[in-house]
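> Provided herewith is a single structure, encoded as structure tokens, for subsequent inquiry.
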2 protein chains.
Amino acid sequence: MSVQVPDAFARTHDLLEAGMRDAVQRLSPGIRRVVAYHLGWLDLEGNPVESPSGKFVRPALSFVCAEAVGAYAEVALPGAVAVELVHDFSLLHDDVMDRDTERRHRPTAWTLFGEGEAILAGDALLALAQERLIDPPTHERLKAAAALSEATAEMITGQSEDLAFERRGDVVLAECVAMLEHKTAGLLACACRLGAILGRGSDEQIEALGGFGRALGIAFQMVDDVLGIWGRPEVTGKQACSDLRQRKKTMPVVAAIEADGPSAEQLLSLLQSDGEMTEEDIALAAKLVEDNGGRDRTLEEAERALAGALRFLDQIDTPVDARRDLEAIAGFITARDF
Amino acid sequence: MSVQVPDAFARTHDLLEAGMRDAVQRLSPGIRRVVAYHLGWLDLEGNPVESPSGKFVRPALSFVCAEAVGAYAEVALPGAVAVELVHDFSLLHDDVMDRDTERRHRPTAWTLFGEGEAILAGDALLALAQERLIDPPTHERLKAAAALSEATAEMITGQSEDLAFERRGDVVLAECVAMLEHKTAGLLACACRLGAILGRGSDEQIEALGGFGRALGIAFQMVDDVLGIWGRPEVTGKQACSDLRQRKKTMPVVAAIEADGPSAEQLLSLLQSDGEMTEEDIALAAKLVEDNGGRDRTLEEAERALAGALRFLDQIDTPVDARRDLEAIAGFITARDF
């Protein structure tokens, strides 16, 4: 599997960025400042940033899925922008809830602008996403807006489950997989569906591409869970072991606990302990997760989900280029550098 | 002006509550628990509450505005539910941002369920409001959804201005009025517009009722600002002087500061001081606001805005009963018991 950055990212980057700037322009100045910082367009002083980061995975999927049903990528722009705005809404709020201090190699918005401002900026992006998608209210736009609402609700459910798991000691693997599907895969499925809907694909095409996005999203989040423990900070843009620090019941952790045995018990009691974990505790927890097969199990399941995603593409006829792009994106986002 | 609870509240209460329960039913269990508590349906243990509070000012306006354009109140239900959900979204998030510990005579949701849960519950209500309003996507529903998106964005802008004012010492009255218009009046205007839109009113009727709602919203918030300082806790359901405690630059405060003179300066330095204000500081601040005419000036402006609101109703023909109900609601919500 190639880990080269897929062409589709570069090809659709300018299109998406123009759409995003146009949307963000509508926000009031106080909120725009926070959003522009969060998106990496401005630094804290309000100066433009030379080369903003962000790969726009979800928009790239929307664009390519429009092409996959035989339309121009451009028709997917309203969906691509809306799904990216919803993603950014969730990042702004998640960082507040998780008390994350770094994102994309920079301090998170709430640490600089305050919690209230970050919450409001997220609220504004969620409202903006829906507002832009239904204007003008064409048949396709409305179908897209309904899909986006559903995916947003699913994502919020997933985040709520994620929070609840932190307090529970009895989370089982099936719940964990359901949670990451809700939290992440629903929106990736939606990104694909939006492209197919706005590209006027058939119901069969919309369902197959949505299925592809959902399975891919599951694989993507499983890999992300592995990165959340063993990813190098210079690659992830976050603190090392940040998920363990927060005692998150991510898939590798739950898989390790389910493996049973004395070291699984030791892991659980580490994660259930009160007070802040020491660096030694965290290193030990990571080792226990690994020794109990949490890492391997998660990567195996991710492989399986990825294979399942690609099988969805066999259900429909897609132009060769679009198929190649979808496979490249799928390979890229599930084979990230550890 | 009568301070009796208007008939319209009682008449539309059951209709609205059924619509709200139907909507909230769609939320996932973890989020529904927080929302049901916030709405006063359940106590912290999850037991039903005998007689939930909440007057549903905004839904009542939607229902009566449908009647004002000659339709049945029932047609406004999707708008009434959506606008109430957006209102509740904003309350949940505002309480987190303002660190308010009491609302409707009970501990606020975030103090019981945690900040993350309260943020998510708010997010879920915002997403739900839009989702329900565009389903099914009739012409009127879409027009209503566009109006609601715009009002939501305006409200978020107002809240952002409100937060920014806390840190500023140079807020002038015009900014303060603009802020409270954004924060509150936009959504009241929207409540009225939604009723008129879903009742298939003419553009002229929609605009006049929207104008009524906006001016009424301004009056309502000004009265609320006075209650935020001088309201009795047993009436407001909040701590005494809660706005002063948070150093909020509400209208009475800004009007008092603008009055100039040495005691205005004393007030400003009290509000700009670091650390928590003592009970004596707060009592002194309230006295200084009153002595500098902040309270009188605000209530005068509220009277003026209310009169302006009622003049909007002269622009259109409305059934006698609907007109009487609109006037009763307007009188009631701007003449609350201090």
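> What angle, in degrees between 0 and 90 and rounded to the nearest 10, separates the Cα long axis of helix A:203-230 from the longest principal axis of the Cα atoms of chain A?
The helix A:203-230 is inclined about 40 degrees to chain A.
> Please identify, among B:GLY228, B:GLY261, B:GLY308, the residue showing maximal mean-square fluctuation in a Gaussian network model of chain B using a 10 angstrom Cα cutoff.
Highest fluctuation among the options: B:GLY261.
> Taking chain A as a Gaussian network, Cα atoms linked when under 10 Å apart, which of A:ALA60, A:ALA259, A:ALA68 shows the biggest mean-square fluctuation?
Largest GNM mean-square fluctuation: A:ALA259.
> A further question follows. At what distance in nm do the modelled label points of A:GLU166 and A:SER269 sit from each other, each positioned 7 Å from its Cα along Cα→Cβ?
2.4
> Compute the FRET efficiency between A:ARG11 and B:VAL49 as 1/(1 + (r/R0)^6), taking r as their Cβ-Cβ distance and R0 = 51 Å, and round to the nearest 0.05.
0.35
> Distance between the C-alpha centers of region A:7-37 and region B:261-319? Whole Å please.
So the separation of the two Cα centres works out to 39 Å.
> What ranking of B:ASP95, A:ASP274, B:ASP123 emerges when the number of other C-beta atoms within 10 Å of each C-beta is taken as an exposure proxy, fewest first?
A:ASP274, B:ASP95, B:ASP123
> Could I ask something else about it? State whether the protein assembly as shown is rounded, prolate or oblate according to the following rule on the C-alpha gyration tensor (a ≥ b ≥ c being the square roots of its eigenvalues): a/c under 1.5 gives rounded; otherwise a/b larger than b/c gives prolate, and the remaining case gives oblate.
Prolate is the answer for the protein assembly as shown, as a/c is 1.5 or above and a/b outweighs b/c.
> Treating the point 7 Å from Cα along Cα-beta-carbon as the label, what are the nm separations from B:GLU50 to the other copies, to one decimal?
7.0
> Which of rounded, prolate or oblate describes region A:7-334 when judged by the alpha-carbon gyration tensor and an a/c cut-off of 1.5?
Oblate.
> Here's a follow-up. For peptide B:156-168, compute the average count of partner chain beta-carbon atoms within 10 Å of each residue's beta-carbon.
The shielding value for this peptide is 5.
> Treating the angle as unsigned and between 0 and 90°, give the value, to the nearest 10°, between the Cα long axis of helix B:294-314 and the longest Cα principal axis of chain B.
The helix B:294-314 is inclined about 20 degrees to chain B.
> Which one, B:GLY199, B:GLY116, B:GLY70, has the greatest fluctuation when you compute a Gaussian network model over chain B with C-alpha springs under 10 angstrom?
Judging by the Gaussian network model, the answer is B:GLY116.
> Let me ask something else about it. Please identify every one of the trypsin sites (Lys or Arg not before Pro) in region B:93-172 that sits in a loop by DSSP and has no more than 12 other beta carbons within 10 Å of its own beta carbon.
Answer in residue order: B:ARG168.
> Would you please name the GluC sites (Glu not before Pro) within region B:263-338 that are DSSP coil residues with at most 16 other C-beta atoms within 10 Å of their C-beta?
In loop regions of region B:263-338 (DSSP not H, G, I, E or B), the sparsely surrounded GluC sites (Glu not before Pro) are B:GLU276.
> Tell me the angle of helix A:29-38 to the major Cα principal axis of chain A, expressed in degrees between 0 and 90 and rounded to the nearest ten.
Here the helix axis deviates by roughly 60 degrees.
> Which lysines, on any chain, are close to B:LYS183 with Cα under 24 Å apart, when same-chain ones fewer than 8 places away are left out?
List returned: B:LYS55, B:LYS143, B:LYS238, B:LYS248, B:LYS249.
> Moving to a separate point now. What does the structure give for A:143-151 when I average, per residue, the other chain Cβ atoms found within 10 Å of the residue Cβ?
Rounded to a whole number, the mean comes out at 3.
> How far, in nm to one decimal, is A:ALA178 from itself in the other copies if the label point is set 7 angstrom along Cα toward Cβ? Shortest first, please.
For A:ALA178, the inter-copy label distances come out at 5.0 nm.
> Can I ask one more? Between B:ASP314 and A:GLU303, what is the label-to-label distance in nm when each label sits 7 Å out along the Cα-to-Cβ direction?
8.0
> Moving on. Using DSSP to define loop residues, name the chymotrypsin sites (Phe, Trp or Tyr not before Pro) in region A:1-100 whose beta-carbon has at most 13 other beta-carbon atoms within 10 Å.
Of the chymotrypsin sites (Phe, Trp or Tyr not before Pro), the ones in loops of region A:1-100 whose Cβ has at most 13 other Cβ atoms within 10 Å are A:TYR72.
> Assuming a ≥ b ≥ c are the square roots of the Cα gyration tensor eigenvalues, decide whether region B:211-309 counts as rounded (a/c under 1.5), prolate (otherwise, with a/b larger than b/c) or oblate.
Oblate is the answer for region B:211-309, as a/c is 1.5 or above yet b/c matches or exceeds a/b.
> Follow-up question, since we're still on this one. Determine the relative contact order of region A:166-275: mean sequence separation of Cα pairs under 8 Å and six or more apart, normalised by residue count, in whole percent.
After rounding, I find 29 percent.
> Next question, about the same structure. Just want to confirm a number: the relative contact order over region B:7-334, from Cα pairs under 8 angstrom separated by 6+ residues, in percent.
Rounded, it is 19 percent for region B:7-334.
> How large is the convex hull of the Cα atoms of region A:32-116 per residue, expressed in Å³ as a whole number?
Normalising the Cα hull of region A:32-116 by residue number yields 102 Å³.
> Averaged over peptide B:27-34, how many Cβ atoms belonging to another chain are found within 10 Å of each residue's Cβ?
The per-residue average across the peptide is 4.
> With runs of 4+ DSSP H residues as the only contributors, calculate the mean residue ellipticity of chain B at 222 nm using -39,500 (n - 2.57) per run, divided by the residue total and rounded to the nearest 500.
-23000 deg cm²/dmol
Bear in mind these aren't lab numbers, they're just calculated from the coordinates by the rules spelled out. What you see is a predicted model; the values in this text were computed from it and never measured. In this analysis, Cβ positions are derived from the backbone assuming ideal geometry, glycine residues included, and neighbour counts consider all displayed protein chains.
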